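Following: one structure in structure tokens, then a few remarks.
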Amino acid sequence: HPQGERSAGLEVRMLVLGTDFLMNGYVAICRRTRNAAVIDPGFQAERILEEVRQADAQVVSVWLTHGHYDHVDALAQVAEATGAEAAICAADLELTGDRARHIGQRLIPGGQVRLGEQVFDVRATGGHTAGGVTLVHDEGTAFVGDALFAGSLGGTRRRADYDGQRAAVAREILSLPPQTTLYPGHGPATTVAEERDHNPYFV
């Protein structure tokens with residue numbers, strides 16, 4: 001289900017964005033209201049906006065799992081085209097540089113964000129960046145950013161960051177129900193069960 005799977009309340013569209021360097025951006029849509037959140041608008045704003053148009057949805061939020069440029073490079077164009085306000089964890093705001101002016105809201109670990117009738121828990125999964133977060137929808141979908149990849153872990157520069165990230169992923173992501181679909185910032189989607197059984201960082 002690389003294009004995103006169907007659940008009762010949430011529709012997920014996965015976009016592989018970029019030309020030489022690729023990343024995954026997402027459009028999450030509340031099926032009942034057609035309100036959409038763009039998650040990690042890395043590159044190619046026009047492709048993101050075209051996906052939203054084809055889905056007959058309206059962007060009301062932009063959520064950033066972390067502040068690295070390859071996840072926020074198209075933020076200005078998406079924000080200006082839609083009027084949607086962006087949100088990021090406070091600890092990553094400075095990473096976004098001059099794009100910070102488009103980020104008016106904060107993703108607070110332990111809190112929730114809403115999209116139409118859909119609710120997401122915000123979980124702290126820092127290490128790759130200080131303010132990395134995972135967004136968990138109650139129907140078994142999680143947007144994990146670069147905290148975790150299929151068969152791998154997001155890169156860290158210091159041992160303490162690595163230890164912290166590995167612990168956060170185990171606590172906040174791999175504790176989710178086994179069938180939960182994990183949508184990472186790069187590479188294929190995976191599941192909690194798959195990563196628990198096969199990810200070399202956790203087996």
Original post:
Considering the range 150-193 alone, what residues qualify as being charged (D, E, K, R) and more than 23 Å from Leu22 (Cα to Cα)?
Top reply: Arg158, Arg159, Asp161, Asp163, Arg166, Arg171, Glu172
Original post:
Does Thr129 meet the test of being assigned to a loop (DSSP other than H, G, I, E, B), closer than 25 Å to Leu93 by Cβ, open to solvent by less than 40 Å² (accessible area, probe 1.4 Å) and at pLDDT 95 or above?
Top reply: yes
Original post:
Which one is surrounded by the fewest Cβ atoms within 10 Å (Cβ to Cβ), of the residues in the range 38-70 that are of a type in the set (Gly, Ala, Ser) and under 26 Å from Thr156 (Cβ atoms)?
Top reply: Gly67
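Hey, among Ala100, Ala90, Ala81, which residue is open to solvent by 20 Å² or more (accessible area, probe 1.4 Å), touching a strand residue (DSSP E or B) at 6+ places or on another chain (Cβ under 9 Å), without any contact (Cβ under 8 Å) to a residue 24 or more places away in the chain and hydrophobic (A, V, I, L, M, F, W, C)?
Numbers: Ala90 fails: without any contact (Cβ under 8 Å) to a residue 24 or more places away in the chain; Ala81 fails: without any contact (Cβ under 8 Å) to a residue 24 or more places away in the chain.
Sole residue among the options that is open to solvent by 20 Å² or more (accessible area, probe 1.4 Å), touching a strand residue (DSSP E or B) at 6+ places or on another chain (Cβ under 9 Å), without any contact (Cβ under 8 Å) to a residue 24 or more places away in the chain and hydrophobic (A, V, I, L, M, F, W, C): Ala100.
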**OP:** Taking Ala45 as meeting all but one of (1) in contact with a helix residue (DSSP H, G or I) (Cβ under 6 Å, 6 or more places away or on another chain); (2) at pLDDT below 95; (3) of a type outside the set (Val, Ile, Thr), write down the number of the exception.
**Re:** (2)
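Considering every residue within the range 135-157, establish whether at least one is basic (Lys, Arg) and modelled with pLDDT of 95 or more. Step through it out loud before you land on a result.
We begin by selecting, within the range 135-157, every residue basic (Lys, Arg); these are 157.
Among the residues that remain, those that are also modelled with pLDDT of 95 or more are: none.
Looking through the range 135-157, none of the residues is basic (Lys, Arg) and modelled with pLDDT of 95 or more.
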**OP:** Check the range 103-124 and report whether any residue there is part of a helix (DSSP H, G or I), open to solvent by 20 Å² or more (accessible area, probe 1.4 Å) and in contact (Cβ under 8 Å) with a residue 12 or more places away in the chain.
**Re:** no
Original post:
Name the residues in the range 109-126 that are within 17 Å of Glu85 (Cα to Cα) and either charged (D, E, K, R) or modelled with pLDDT under 95 (or both), would you?
Top reply: Arg114
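The values are calculated or read from the model by the stated rules, or taken from the named source; none is laboratory data. Note that the structure is predicted; figures quoted are calculated from it, not measured. Backbone-built Cβ (ideal geometry, glycine too); neighbour counts: all protein chains shown. Just the protein is used for accessible areas: all its heavy atoms, side chains included, with ligands, DNA and RNA removed. Shrake-Rupley method; radii C 1.70, N 1.55, O 1.52, S 1.80 Å.
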